[in-house]
């Protein structure tokens, strides 16, 4: 039995959960999310908790996954999800252009424009080197952060590029001169 799948999901105040077939509709103060469930997994509501059950052991692999996805939706509509990025390098920076466009200067011959998808907001600090992504959908916020990081991944030799906040990098030693 899945240890994560057995845990009940507490439904906080202000959150409504509607179960319709293989979909779980979660609505809270920050917005609403729909989470599809894999075949063979059912969600049941008992005295303020959601419990994930499976029909048989052939769904053991997705039991914990389904519970985690619904838990992420409940947490997203109450608190929201954030992901922080840092830009390291001389002349590297990011700035907002309008409401839904982030323009990066990352050492290329041209600025790189990244349009923000709906449901994800970006805040940039005064030094233009720290980005904070906010949203209610954990998967979308993480995907946007990964795509922004891939515009200029951290270089192992100079440690320049876009990285997650707190990401530890192993600096490599460059070539040594021939003597």
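The values are calculated or read from the model by the stated rules, or taken from the named source; none is laboratory data. What you are looking at is a predicted structure, and each value in this text was computed from that prediction instead of being measured. Note: ideal-geometry Cβ built from the backbone for every residue, glycine included; neighbour counts use all protein chains shown.
How many residues are part of a strand (DSSP E or B) and either in contact with a strand residue (DSSP E or B) (Cβ under 6 Å, 6 or more places away or on another chain) or over 20 Å from residue 118 (Cβ atoms) (or both) if we restrict to the range 22-38? Let's see the steps before the verdict.
Our first condition is that a residue be part of a strand (DSSP E or B); within the range 22-38, this holds for 23-28, 31-36.
With either in contact with a strand residue (DSSP E or B) (Cβ under 6 Å, 6 or more places away or on another chain) or over 20 Å from residue 118 (Cβ atoms) (or both) added as a condition, the list becomes 23-27, 33-36.
Selection size over the range 22-38: 9.
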Counted residues, the range 73-90 - those being under 14 Å from the mean Cα position of the chain (by Cα) and under 16 Å from residue 12 (Cα atoms)
6
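Condition test on residue 83, is it surrounded by 20 or more Cβ atoms within 10 Å (Cβ to Cβ), modelled with pLDDT of 95 or more, touching a helix residue (DSSP H, G or I) at 6+ places or on another chain (Cβ under 8 Å) and not in a loop (DSSP other than H, G, I, E, B)? Step through it out loud before you land on a result.
Details: surrounded by 20 or more Cβ atoms within 10 Å (Cβ to Cβ): yes; modelled with pLDDT of 95 or more: yes; touching a helix residue (DSSP H, G or I) at 6+ places or on another chain (Cβ under 8 Å): yes; not in a loop (DSSP other than H, G, I, E, B): yes.
So residue 83 passes the test.
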